[in-house]
Every structure is written in structure tokens, then in C-alpha cells.
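**Q** Dumping the structure here so I can ask a few things about it.
The values are calculated or read from the model by the stated rules, or taken from the named source; none is laboratory data. This is a predicted model, so every value here is computed, not measured. FYI the Cβ positions are ideal-geometry reconstructions off the backbone, even for glycines, and counts take in every protein chain you see. Heads up: the accessible areas ignore ligands, DNA and RNA and are worked out on the full protein's heavy atoms, side chains in. Shrake-Rupley method; radii C 1.70, N 1.55, O 1.52, S 1.80 Å.
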2 protein chains.
Amino acid sequence: MTSTTTPDNGVDVGRLVETIEAVKDDPNLAAFTFRAKSSWEHGMHNVGEISTFTHADSTDESRVAPYVLHGDEPPALLGTNKGPNAVELLLQSLAFCYAAGYAANAAAQGIQITRMEYEIEGDVDVRAFLGLEGARPGLTGIRAKGRISSPNATPEQLAELCSYVQDTSPVRDCLANPVPVETTLEVV
Amino acid sequence: MTSTTTPDNGVDVGRLVETIEAVKDDPNLAAFTFRAKSSWEHGMHNVGEISTFTHADSTDESRVAPYVLHGDEPPALLGTNKGPNAVELLLQSLAFCYAAGYAANAAAQGIQITRMEYEIEGDVDVRAFLGLEGARPGLTGIRAKGRISSPNATPEQLAELCSYVQDTSPVRDCLANPVPVETTLEVV
């Protein structure tokens, strides 16, 4: 049922295959260090900035300007709604990771996509954040629901791809399995 | 050394204390379900949306419009740089979580902040994302560096607060410890 022609998903399959072959020859080409910064403004409002990253020991300069994001809390969590909060951004990150992974792997398999949405929900009990006992600080569960349309793949193929994307998703792996986090503070 | 007056950090300490007392009386007030959606555009580009959330079984309607975010990959990962990628957004989320936690807890302790920045770095090997063996899909390590200035707290107090914020940060907990992630797909 899968088409053997390259689907017009907007993913350059030729470059994808070249990238995979290049990484096979030199695994260092798979090494990335990504970065994000925040500057405190007032209250719960912070301004974030994402710009360069390191790829295979070199700084990527492909971005003409940094991405600027605003983070805040809603009034229920003492903020003023100048942006989403950190947990919402975490869920957004999982949605983007699943979607990018699905788009790339669908293209590689010749699966055409005409529609793809993700809705992510996460439950959190803020007692630990408020200094109270009774719950872990982070999310107790995340539910990710994908919705996909394809004119040339069976529901079984699409479900199998969903499962593959889940298993290879960088963000899902960071949530489902522990990542070492080192935190340091400089007083200036 | 800590001031006994409420510092002008922009955090309403009166409301913070009220919130803590209310949650002590009714732990259900600590329950939040947050959400994020994404819609696929083309290639690795997706448009995200964050709007309402559920707080203590009710829908919060405080936001006048959804927050719209763009996610993409850089050319090195087959995208067109229409937004940060998912892993960068994950790091941004940790920066915002630390900063909001620090601002709130500093206010509660009477610690004035005049400057606060976070820089977060994360290392990832994209071999699993490309379908190759050799590395976990997610980040192998995250380094978070805070930079804080305060006119009325000692470096020791600021370091202790940093450690406390780390231990109670929802996003750090989601990274350092496993979260159950349930993924489902609907074919339409």
C-alpha cells in the first residue's frame, strides 16, 4: 500500500538519506548541544532566548536572529499570563518532537501525510512547588493523542509508525527515562 | 541578613501565602491539568497552541487568546528554521521553571532579586532519531547555570534557595525522574 515515490511532505528524503549515511560513516556528526537562556523580568515573567547550537563541535550559525519566548504563570499560579508556563512548554515540546519525528519517518517510508495534530495533556499537583508535602513536584502522567490522515497508508502502518516515533523521540525519552541534570549557581 | 519586609520582586506574597493556606485546607486546589496542541504545516514545521487548563476540576478562562508557537528544525536536521526545535523548547521550559520557582520562593523568604538568568545546555546524539543504533534517543546530560544578584541575601542563602528550587521544580523532576507517557493515535 505504501507508495514507492517520495511523498510531498516537505521533508527532503534525499538529504535525509545522505544525513543517515554521513552519520554512519562519522558518528560524531550525530552530536548536538542545544541551548536556551532566560532573563527574569518581574514576578513570574521571564524572557527566553534560543539561538545557536553546537553540531559536531562547530557552532551552527544558520539562524538569522534568536527566537524570543515569554514565560509566565496564570493568575492561579501568581503570574500575569504574559506567556505559557514551564509545564505547558514542556508538553508543547513533546508535541513538536512527535510531529517532527512522524513527518521525517513518514517521508522516509513513502507515507504521505495530509493532516497531523497532537494534543498533549499532563497532570501536576503543585503542592511540592508550594513547599507542601504530598506529591512529586513534576507531572504524574502525560497523555499524547495523535490524529493523522494519509491517502496512501493503512491504519496499521500509521499505528506502527506512531509506535516507532514514540520509541525514538528525544523528548519522550527525556520524560520517560531519567536524564542527569546538573544545576549550578553563580552569585554576581 | 534577610529583610523582613516583602521585597518588590513582583510576586504577590500575600496571595502566595493565601494560596498555600487554601491548598493545605483543600489539596484538590493543587491539581492542574495543562495542555498543548500542535498542527503540522509542512516538513518539520508545526504550529503549537497553548490555551486553557484545568484547575481543581474547572477550566481556567483567564487567557484572552491562545499562545501560538512555531516549532521546526534547523537545516542540519532537515528543517527550515521557522522556530526552535523540540529539544531546545524542552531546555527553555527548564529555564522558565527554575526562574519562576526562584522568584516565588525568594519573595516568600524576603529575598530581593535584582537580576536572574539561566543558561541551559543539553547534549543529544541524534542517531536513534535517524534510525541508527548507538545512543539513547534523548538528552544524555543537561547543565543548568543560574546567575543571580540580590542586595539583601548572602551567597549561602542564594545557593540554598537554588538547591531548594531544584528539588521542587516540576520540570526538573520530569527530566530527572520517569513520568508515565501514554501515546495513542487516531487515524482520520
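**Q** Do you know which residues across the range B:95-114 are of a type in the set (A, V, I, L, M, F, W, C), outside any loop (DSSP other than H, G, I, E, B) and more than 7 Å from chain A (Cβ to nearest Cβ)? If you could, list the steps in order and put the result at the bottom.
**A** Filtering the range B:95-114 down to residues of a type in the set (A, V, I, L, M, F, W, C) leaves B:95-97, B:99-100, B:103-104, B:106-108, B:111, B:113.
Then drop every residue that is not outside any loop (DSSP other than H, G, I, E, B), which leaves B:95-97, B:99-100, B:103-104, B:106-108.
Residues satisfying the conditions are B:106, B:107, B:108.
**Q** Let me ask you something else. Of all residues being of a type in the set (A, V, I, L, M, F, W, C) and open to solvent by less than 10 Å² (accessible area, probe 1.4 Å) in the range B:105-114, which is farthest from residue A:87 (Cα to Cα)? Just the residue, please.
**A** Taking the candidates together, the pick is B:111.
**Q** Suppose we filter the range B:153-188 for residues that are in a loop (DSSP other than H, G, I, E, B), farther than 17 Å from residue A:142 by Cβ and hydrophobic (A, V, I, L, M, F, W, C); how many remain?
**A** 2
**Q** Just name the residue that is farthest from the other protein chains (Cβ to nearest Cβ) out of those in the range B:148-188 that are closer than 26 Å to residue A:133 by Cα and of a type in the set (S, T, N, Q).
**A** Going through the qualifying residues, I end up with B:157.
**Q** Is at least one residue of the range A:47-54 without any contact (Cβ under 8 Å) to a residue 60 or more places away in the chain, buried (at least 22 other Cβ atoms within 10 Å of the Cβ) and more than 7 Å from chain B (Cβ to nearest Cβ)? Outline the logic, then answer.
**A** The initial filter retains those residues of the range A:47-54 that are without any contact (Cβ under 8 Å) to a residue 60 or more places away in the chain, namely A:47-54.
Narrowing further to those that are buried (at least 22 other Cβ atoms within 10 Å of the Cβ): A:48, A:50, A:53.
If we keep only those that are more than 7 Å from chain B (Cβ to nearest Cβ) as well, we get A:53.
Yes, the range A:47-54 has at least one match.
**Q** What residue, of B:117, B:156, B:121, is of a type in the set (D, E, K, R), within 30 Å of residue B:8 (Cβ to Cβ), at pLDDT 95 or above and within 21 Å of the chain's Cα centre (by Cα)?
**A** B:117
**Q** Test residue A:76 against the criterion of being facing chain B (nearest Cβ under 7 Å), among the small types (Gly, Ala, Ser), in contact with a strand residue (DSSP E or B) (Cβ under 6 Å, 6 or more places away or on another chain) and over 18 Å from residue B:11 (Cα atoms), and give yes or no.
**A** no
**Q** Which pairs do you get when a residue that is within 7 Å of chain B (Cβ to nearest Cβ), found in the range A:16-37, comes within reach of a residue that is acidic (Asp, Glu) and exposed (fewer than 14 other Cβ atoms within 10 Å of the Cβ), reach meaning Cβ atoms under 9 angstrom, with the pair 6+ apart or on two chains?
**A** Here the result reads A:31/A:57, each pair linking the range A:16-37 to a residue that is acidic (Asp, Glu) and exposed (fewer than 14 other Cβ atoms within 10 Å of the Cβ).
**Q** Still on this structure, I have one more. Consider only pairs whose beta carbons are under 8 Å apart and that are at least six residues apart or on different chains; among these, list those whose first residue lies in the range B:176-188 and is within 11 Å of residue A:149 (Cβ to Cβ) and whose second residue is surrounded by fewer than 12 Cβ atoms within 10 Å (Cβ to Cβ).
**A** B:188/A:115
**Q** State the number of residues belonging to the range A:159-188 that are open to solvent by less than 10 Å² (accessible area, probe 1.4 Å) and over 17 Å from the mean Cα position of the chain (by Cα).
**A** Residues in the range A:159-188 being open to solvent by less than 10 Å² (accessible area, probe 1.4 Å) and over 17 Å from the mean Cα position of the chain (by Cα): 1 in total.
**Q** OK, next. If the Cβ limit is 6 Å and pairs must be 6+ apart or interchain, which residue in the range B:141-159 that is of a type in the set (Lys, Arg) pairs with which residue that is assigned to a strand (DSSP E or B)?
**A** B:143/A:182; B:143/B:121; B:145/A:184; B:145/B:119; B:147/A:186; B:147/B:117
**Q** Could you look through the range A:115-152, keep only residues that are part of a strand (DSSP E or B) and of a type in the set (Gly, Ala, Ser), and pick out the one that is surrounded by the most Cβ atoms within 10 Å (Cβ to Cβ)?
**A** A:122
**Q** Quick one: is residue A:100 touching a helix residue (DSSP H, G or I) at 6+ places or on another chain (Cβ under 7 Å), farther than 15 Å from residue B:169 by Cα and free of Cβ contacts under 8 Å to residues at least 24 places away in the same chain?
**A** Values: touching a helix residue (DSSP H, G or I) at 6+ places or on another chain (Cβ under 7 Å): yes; farther than 15 Å from residue B:169 by Cα: yes; free of Cβ contacts under 8 Å to residues at least 24 places away in the same chain: yes.
Yes, satisfied.
**Q** Checking the conditions here, which among A:66, A:84, A:27 is open to solvent by 50 Å² or more (accessible area, probe 1.4 Å) and touching a strand residue (DSSP E or B) at 6+ places or on another chain (Cβ under 6 Å)?
**A** A:66 is the lone residue from the list that is open to solvent by 50 Å² or more (accessible area, probe 1.4 Å) and touching a strand residue (DSSP E or B) at 6+ places or on another chain (Cβ under 6 Å).
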